[in-house]
Amino acid sequence: MKRFLVLFLATFISLSSFAQERNSAVFVDLGSTIAGVMGGGFGIGFGYEQGIADNISLLVNASYIGFTIDGGILNHDTEFLGISAGLGVRYYPLNNPVNGWFFDVSGIYSYINIKHGDEAVSNLFEMRLLTGWKFVFPSGFFLEPGLRYTIVFGDIKMPAGAASVPSVGGLGLWLGLGIAF
């Protein structure tokens, strides 16, 4: 088992090293897609990353999540709409930008609209801390698993009687995929 783990890590690290000359990337945030689909609706998150100096890159990202929670025969449905946009800085301590292990700090603005008969609108600011590894393959395709911690400034406002919406803050997993160029 130990030999397998060492071989696995060596393969990913060596594949990542082929792409060190790349310093831009476009990616899809699979967390937004999963949240939308789990809610019975649609979600998409996407972003752009640009290396600006040795080991440092800037990020721009946006996401959309929309779904409806069925209220049953006696209750109104609860409609959820979330739109966010953010900016971030990413630091790669071991490699050039857009390749390998990273730390990320992002500020994100989120607009949340929840309808349940009445309508409640929330405007939130989030601070996201993320660490992960960007596995860049020779073709430029990459997979980016990570661990994030989100601090939310503000509360999600809920209309009276609406189904609860899960919290967006705290510890969570990150999974992105895209193309580095």
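The values are calculated or read from the model by the stated rules, or taken from the named source; none is laboratory data. This one's a predicted model, so the numbers in the text were calculated from it and none came from an experiment. Don't worry about glycine lacking a Cβ; one is built from the backbone with ideal geometry, like all the others, and counts go over all protein chains shown.
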Margin query: Going by what's in this entry, would residue 50 be described as at pLDDT 95 or above, of a type in the set (S, T, N, Q) and surrounded by 12 or more Cβ atoms within 10 Å (Cβ to Cβ)?
Written below: yes
Note to self: Exactly one of these conditions fails for residue 142: (1) crowded, with 19+ Cβ neighbours inside 10 Å; (2) under 20 Å from residue 52 (Cβ atoms); (3) touching a Pro at 6+ places or on another chain (Cβ under 7 Å). Give me its number.
What the structure shows: (3)
Margin query: Kindly evaluate residue 16 against the criterion of being touching a Lys or Arg at 6+ places or on another chain (Cβ under 9 Å) and at pLDDT below 85.
Written below: yes
Next item on the list: Looking only at segment 120-165, count how many residues are under 25 Å from residue 41 (Cβ atoms), in contact (Cβ under 8 Å) with a residue 60 or more places away in the chain and assigned to a strand (DSSP E or B).
Entry: 1
Check: For segment 29-76, which residues satisfy the criterion of being among the aliphatic types (A, V, I, L, M), closer than 30 Å to residue 119 by Cα and part of a strand (DSSP E or B)?
Finding: 44, 60, 62, 65, 69
